[in-house]
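*Asks:* Got a structure here, written out as structure tokens. Questions coming.
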Amino acid sequence: SQQGEEDPQALSIQEGENATMNCSYKTSINNLQWYRQNSGRGLVHLILIRSNEREKHSGRLRVTLDTSKKSSSLLITASRAADTASYFCATDWEGKSTFGDGTTLTVKP
Amino acid sequence: NAGVTQTPKFQVLKTGQSMTLQCAQDMNHNSMYWYRQDPGMGLRLIYYSASEGTTDKGEVPNGYNVSRLNKREFSLRLESAAPSQTSVYFCASCFARSYEQYFGPGTRLTVT
């Protein structure tokens, strides 16, 4: 069974707007990671946040983690058409990663 | 560096045929993984190898076997393919458990 569940399933925004995606999970984690997948391609790692961290930034990406609520969010600021992709969260526990079904983001020029 | 490479890129099998998917990484990573991705879904872990010489089952191991041939290579074998194994298969590697994973380009497998 999938541990991480992303919300929303699909998101469509205009270029320049911010995009927020959420991930909820059910059990303990060592860390949580976000990945991007362009259509028909492999996944690309975006950011990793450890279970004892609450917020992390990387360029236009901001990730938060609330272990008490078992949830994480990914914020992409000032979105670009090139950000159009599917975004997945993955929870890590004892060396195994469990992926959610993803959020499909469409950024319209 | 080539990163993570997978062969073949595409494969069509008939039900009952066998095949091996190959994966290699040149980043000196210790851990390697095999996932499958069905349409509109996330990745599900088939098998993983935390280090050379060890392999463990993931979420959906039935119908598959793996071999960690050496530190670089991790193969996935389908002994008797079934239509339910039609999927895109991704190999990934990482330095160690709970580090970021690097993915190969995938193998699109169709079983008729």
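*Asks:* Determine if the range A:57-80 includes at least one residue that is of a type outside the set (Lys, Arg), touching a residue at least 60 places away in the same chain (Cβ under 8 Å) and touching a Pro at 6+ places or on another chain (Cβ under 6 Å). Break it down stepwise before answering.
*Replies:* Residues of the range A:57-80 that are of a type outside the set (Lys, Arg), as a first pass: A:57-59, A:61, A:63-68, A:71-79.
Now narrow it down to the ones that are touching a residue at least 60 places away in the same chain (Cβ under 8 Å): A:78-79.
Then drop every residue that is not touching a Pro at 6+ places or on another chain (Cβ under 6 Å), which leaves none.
No, the range A:57-80 contains no residue that is of a type outside the set (Lys, Arg), touching a residue at least 60 places away in the same chain (Cβ under 8 Å) and touching a Pro at 6+ places or on another chain (Cβ under 6 Å).
*Asks:* Let me ask another. Residues of the range B:70-107 being within 14 Å of another protein chain (Cβ to nearest Cβ) and either assigned to a loop (DSSP other than H, G, I, E, B) or more than 15 Å from B:Trp34 (Cβ to Cβ) (or both), which ones?
*Replies:* Filtering the range B:70-107 for residues within 14 Å of another protein chain (Cβ to nearest Cβ) gives B:87-107.
B:Phe95, B:Ala96, B:Arg97, B:Ser98, B:Tyr99, B:Glu100, B:Gln101, B:Gly104, B:Pro105, B:Gly106 - these are the residues of the range B:70-107 that are within 14 Å of another protein chain (Cβ to nearest Cβ) and either assigned to a loop (DSSP other than H, G, I, E, B) or more than 15 Å from B:Trp34 (Cβ to Cβ) (or both).
*Asks:* May I ask you to list the residues in the range A:73-100 that are of a type in the set (D, E, K, R) and surrounded by 17 or more Cβ atoms within 10 Å (Cβ to Cβ)?
*Replies:* A:Asp83, A:Asp92, A:Lys96 - these are the residues of the range A:73-100 that are of a type in the set (D, E, K, R) and surrounded by 17 or more Cβ atoms within 10 Å (Cβ to Cβ).
*Asks:* Also: Being away from chain A (no Cβ under 13 Å) and within 15 Å of the chain's Cα centre (by Cα) narrows it down to one residue among B:Gly63, B:Gly53, B:Gly42, B:Gly58; which is it?
*Replies:* The unique qualifying residue is B:Gly63.
*Asks:* If a residue has to be under 12 Å from the mean Cα position of the chain (by Cα) and either buried (at least 20 other Cβ atoms within 10 Å of the Cβ) or β-branched (Val, Ile, Thr) (or both) to count, how many in the range B:7-24 make the cut?
*Replies:* Residues in the range B:7-24 being under 12 Å from the mean Cα position of the chain (by Cα) and either buried (at least 20 other Cβ atoms within 10 Å of the Cβ) or β-branched (Val, Ile, Thr) (or both): 5 in total.
*Asks:* With respect to B:Ser67, is the statement that it is free of Cβ contacts under 8 Å to residues at least 40 places away in the same chain, in a strand (DSSP E or B) and not hydrophobic (A, V, I, L, M, F, W, C) true?
*Replies:* yes
*Asks:* Considering each residue of the range A:44-76, count those that are under 19 Å from A:Val107 (Cα atoms) and in contact with a strand residue (DSSP E or B) (Cβ under 7 Å, 6 or more places away or on another chain), and give that number. Show your work before the answer.
*Replies:* Taking the range A:44-76 first, the residues under 19 Å from A:Val107 (Cα atoms) are A:44, A:46, A:59-62, A:73-76.
From what's left, in contact with a strand residue (DSSP E or B) (Cβ under 7 Å, 6 or more places away or on another chain): A:44, A:46, A:60-62, A:73-76.
Counting residues in the range A:44-76 that are under 19 Å from A:Val107 (Cα atoms) and in contact with a strand residue (DSSP E or B) (Cβ under 7 Å, 6 or more places away or on another chain) gives 9.
*Asks:* For the range A:9-23, give me the residue count where each residue is at pLDDT 95 or above and within 14 Å of chain B (Cβ to nearest Cβ).
*Replies:* Summing the residues that are at pLDDT 95 or above and within 14 Å of chain B (Cβ to nearest Cβ) in the range A:9-23 gives 3.
The values are calculated or read from the model by the stated rules, or taken from the named source; none is laboratory data. None of these values were measured; they are calculated from a predicted model. Note that we place each Cβ from the backbone using ideal geometry, even for glycine, and neighbour counts take in every protein chain shown.
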